[in-house]
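The values are calculated or read from the model by the stated rules, or taken from the named source; none is laboratory data. Quantities reported herein were computed from a predicted structural model and do not represent experimental measurements. Backbone-built Cβ (ideal geometry, glycine too); neighbour counts: all protein chains shown. To get the accessible areas, we keep the full protein, side chains included, count just its heavy atoms, and leave off ligands, DNA and RNA. Shrake-Rupley method; radii C 1.70, N 1.55, O 1.52, S 1.80 Å.
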Amino acid sequence: MAWLSNFSNRLKLTIPADGVDSSLTDFPVMINLSSSSGKTGADVTPVFDELGDDHQKRFAITENDGITQCYIEIEYWDATEERAILWTKIPTIYSSVDTDIYFYWDSAASGNTAYVGDTGDTPAQNVWDDNFKLVMHMAQDPSGGSGAIKDSTSNANHGTPNGSMTSADLVDGKVGKAIDFDGGNDTAHVGNITFASDYTVMIVVYPKVTTASVLFAANWAYGAEEGRTLKWDSSQGWKVYTGNLNNVIGGSLPLEYQLITLTSNSDNTVALYRNTSLLGSFSRPILAQNTDFWIGSENNYQNFCNCDISAIYCYNEVCSTAWIKATYHSNWDDFIVFQQEVETNWLSDWSNRLKLTIDKDKIDSVLVDFPINITLSSDTGITNTDVTDVFTTISGSSKKIAITTSDGITQCYVEIERWDEGVEQANLWTKVSVVNSNEDTILYLYYDGSKSDNDSYVGDTGSAPAQNVWDDNFKLVMHMSQDPNGDVADAIKDSTSGVNHGTPAGGMTSVDIVDGKIGKAIDFDGNDDSIATTASVAFNGVATIDMCIKLTQPASIRGISMSLTNVFYTHSANDFIYFHGTSDYFRISITTVECQLSIVYDGDTSTSRVCCNGVFYDITQQPGPTHDISAWSGYITGHINSDITNMSGTIDEVRQSDIVRSDAWIKATYHSNWDELVSFGAEQEMPTHYYYGYITEGGAPVSRTVSLYNRSTGELVSNTISNVSTGYYYLTTPMSGEHFIVALDDDAGKDYNALILDKLLPRGIE
């Protein structure tokens, strides 16, 4: 399924075919976003957690293909209440198969003003096709004067409140808002509407009394064979007036919200519906085509309605019973099944995960097989997130973790540089196959204390999984996180498969392992401390060197030496940094004392590049090139000759590559090392998958015990009882594999199992 670009979150919204009697075209549906949305009461408040009140239209709705956008009207949005009412037009709602649409949101996305609008904006008007002559959600303050109650269509047939309406008359409706008509003098006058000979008027209304009241009047003119008035009369029931003629349909008036629908066609047949049921029909002359329209009264002088009105629809066609039924269920928020959908699958049976987002704005061009730092602590990443729950959940083992690509299931190799449960801090490295520059790159960190150690993909420095983090172009990677005490041979570990470990010298002790920029670092005393790797590495004339240093003494301080003739150090006079051969050097001026320095040999012996903290410097060759890097032995500080002083300060990361790393690579390395490349999302728990459907017998809905079983084990997962009125059932499972469903025929004393559905995959994630 395609995913709409620039949006990181989405909900799948499914309209079950079972609830649609015949296919509908250009049907506007209500999208209720709240803590209890749709048929199953889904909690979709994470939308508000990310977007807040200042949403800036950073959301979208698409058709089933996931990318073709639908227009959206915002009726209501309140992030404090965590509630919104949206409307969107769906090109086709099917009766033979479920209809899926997708709701996307992302606080980092641009405002989607081409497709999303407030009531009255062009995108919002596009939700309602030309057959709609009036659509009012009754969501505006009725004390606002002329035209205060807005028409959502392009006709702009706004309503003017009359009577004694105040702001207090804007009340909670069936789902969104409503206007309270007091039965005394409250009414709303819309003005002239042009109706066709076939038309439909719908009103969502909550009567507060059973006494006589008028719901609406169109061109009311007593004694004339024109106009239409819909009225409830407590002594007679429903009455539809045409001028001075009326027809009594009878029926009842429950004091509850209901959808009342009046249709009239060109053969003078008038029909009245309550919710989805036909109350009656009769023959009467048609409504005048150009007519004033009054809501809540015959006019502003008599027969006022004591009711709350939540919506009005005037439509220039006779709506089908399928359309009326769908309108009812949509307005009652009983039309759509919401499911939280992620961009990925879920790694099998892992209970928790964090979403990691690599900020595209820190990536200048696409990077391949790029190693990133993942720091786990109480204050980590771009957003300073507390992720210490990882330590609580998997206490006692650092390898009960996994990192995947954006698909949620393809694992990445992980090196554990450091894991300290005592202080709840860890430093991990993982290789990302592709880091994008045009959109954020998504990873997932899974953790589960019940899992076995993930030894195939996660390892400590020196293990095969850890070495796989660093591609073959890395010739040396040292995190400087091992204890240098005692100058033990190969004590400082190389993370690559080249195992070019380092040997401390100068009498280093355990005190010299200190806190660094990333995890731990080694402190060099400026006297005789050094670390050397004696292996020779072929670089083929090009190389990239990276290191993180923090200087503590403004003297001639060595940083790193790659051979007897290639030294990188600082100068006491001007804090210049030199990179020089036997008698040649390149010079730049850098004054920062804590930095990531990167040097690039590009094969041209007269030029090199130097970068400090992601910023590149132009450097000048002086006096002439004599580089020879065909084979280097690497020294990390060290006493090369008597006129160069050893480093005083800390070194945190050292890397040598036998290729020219791009500017984008070096800049991203800096942001990663400084823990400002990745954002951590909220903790996610293993999703609950769901199944739903309908149980019928002889075509009629029935109440039955419905049980869900795991097909691979035969385990009973969950059961429920189907709804006696609709036959609807809803079942959940934590497992994503195949299941089967059994209905227990417990009607009339029978007791046997009927296998009704087999080899089922979940319909979605709750």
Task: Output for the stretch 721-747, where each listed residue is closer than 22 Å to residue 337 by Cα, open to solvent by 40 Å² or more (accessible area, probe 1.4 Å), free of Cβ contacts under 8 Å to residues at least 60 places away in the same chain and assigned to a strand (DSSP E or B) - done: 721, 732, 740
Task: Elements of type strands (runs of 3 or more DSSP E) contained in the stretch 144-240, each with 1 or more residues being within 29 Å of residue 36 (Cβ to Cβ), in contact with an Asp or Glu (Cβ under 8 Å, 6 or more places away or on another chain) and touching a residue at least 40 places away in the same chain (Cβ under 8 Å) - done: 170-172, 177-182, 199-207
- [ ] Residue by residue through the stretch 711-735, note down the ones that are in contact with a Pro (Cβ under 6 Å, 6 or more places away or on another chain) and among the small types (Gly, Ala, Ser).
- [x] 727
Task: residue 469 vs. criteria open to solvent by less than 30 Å² (accessible area, probe 1.4 Å), in a loop (DSSP other than H, G, I, E, B) and in contact (Cβ under 8 Å) with a residue 60 or more places away in the chain - done: yes
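Residues checked against (1) touching a Leu at 6+ places or on another chain (Cβ under 7 Å); (2) in a loop (DSSP other than H, G, I, E, B); (3) open to solvent by 40 Å² or more (accessible area, probe 1.4 Å):
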{"site": "651", "(1), (2), (3)": "no, no, no"}
{"site": "655", "(1), (2), (3)": "yes, no, no"}
{"site": "661", "(1), (2), (3)": "no, yes, no"}
{"site": "671", "(1), (2), (3)": "yes, no, no"}
{"site": "680", "(1), (2), (3)": "yes, no, no"}
{"site": "691", "(1), (2), (3)": "yes, no, no"}
TODO: Output the residues belonging to the stretch 369-398 that are among the hydrophobic types (A, V, I, L, M, F, W, C) and in contact with a helix residue (DSSP H, G or I) (Cβ under 7 Å, 6 or more places away or on another chain).
DONE: 370, 372, 376
- [ ] Would you point out the residue of the stretch 192-228, among those that are open to solvent by 50 Å² or more (accessible area, probe 1.4 Å), of a type in the set (D, E, K, R) and more than 47 Å from the chain's Cα centre (by Cα), that is modelled with the highest pLDDT?
- [x] 226
Task: Which listed residue is over 19 Å from the mean Cα position of the chain (by Cα), modelled with pLDDT under 95 and open to solvent by 50 Å² or more (accessible area, probe 1.4 Å), from 49, 65, 53, 18 - done: 18
Open item on the list: Restricting to the stretch 407-436, name every residue that is under 24 Å from residue 360 (Cβ atoms), out of contact with any Leu (no Cβ under 8 Å at 6 or more places or on another chain) and surrounded by fewer than 22 Cβ atoms within 10 Å (Cβ to Cβ).
Closed with: 407, 410, 413, 431, 433, 436
TODO: Sort out which residues of the stretch 357-375 are at pLDDT 95 or above and over 23 Å from residue 657 (Cα atoms), and write them in order of number.
DONE: 375
Task: Count of residues meeting criterion [among the polar types (S, T, N, Q) and under 17 Å from residue 55 (Cβ atoms)] in the stretch 79-113 - done: 6
Task: The lone exception for residue 31 - which of (1) under 27 Å from residue 315 (Cβ atoms); (2) in contact with a helix residue (DSSP H, G or I) (Cβ under 6 Å, 6 or more places away or on another chain) it fails - done: (2)
TODO: Tally the residues that are buried (at least 18 other Cβ atoms within 10 Å of the Cβ) and within 20 Å of residue 148 (Cβ to Cβ), restricting the search to the stretch 169-182.
DONE: 9
- [ ] Report whether or not residue 231 is open to solvent by 40 Å² or more (accessible area, probe 1.4 Å), under 18 Å from residue 313 (Cα atoms) and at pLDDT below 90.
- [x] no
Task: Residue check, residue 42 modelled with pLDDT under 90, more than 28 Å from residue 358 (Cβ to Cβ) and aliphatic (A, V, I, L, M) - done: yes
Open item on the list: For the stretch 597-614, give me each residue that is among the hydroxyl-bearing types (Ser, Thr, Tyr), under 44 Å from the mean Cα position of the chain (by Cα) and at pLDDT below 80.
Closed with: 601, 608
Open item on the list: Quick check on my filter: what residues within the stretch 411-457 are touching a strand residue (DSSP E or B) at 6+ places or on another chain (Cβ under 7 Å), under 15 Å from residue 401 (Cβ atoms) and not in a strand (DSSP E or B)?
Closed with: 413, 448, 454, 457
TODO: Determine which single condition residue 106 fails, assuming it passes every other condition in (1) at pLDDT below 95; (2) among the charged types (D, E, K, R); (3) open to solvent by 20 Å² or more (accessible area, probe 1.4 Å).
DONE: (3)
Open item on the list: With the condition being at pLDDT below 85 and polar (S, T, N, Q), I'd like the strands (runs of 3 or more DSSP E) fully within the stretch 475-577 carrying at least 2 qualifying residues.
Closed with: 530-538, 557-563, 566-570
- [ ] Could you list all residues from the stretch 369-419 that are over 22 Å from the mean Cα position of the chain (by Cα), of a type outside the set (A, V, I, L, M, F, W, C) and farther than 30 Å from residue 473 by Cα?
- [x] 377, 378, 379, 388, 392, 393, 395, 396, 397
TODO: Can you confirm whether the stretch 696-706 contains a residue that is among the small types (Gly, Ala, Ser) and modelled with pLDDT of 80 or more?
DONE: yes
- [ ] Please specify each residue of the stretch 113-152 satisfying the condition of being crowded, with 24+ Cβ neighbours inside 10 Å and of a type outside the set (A, V, I, L, M).
- [x] 128, 137, 142, 151, 152
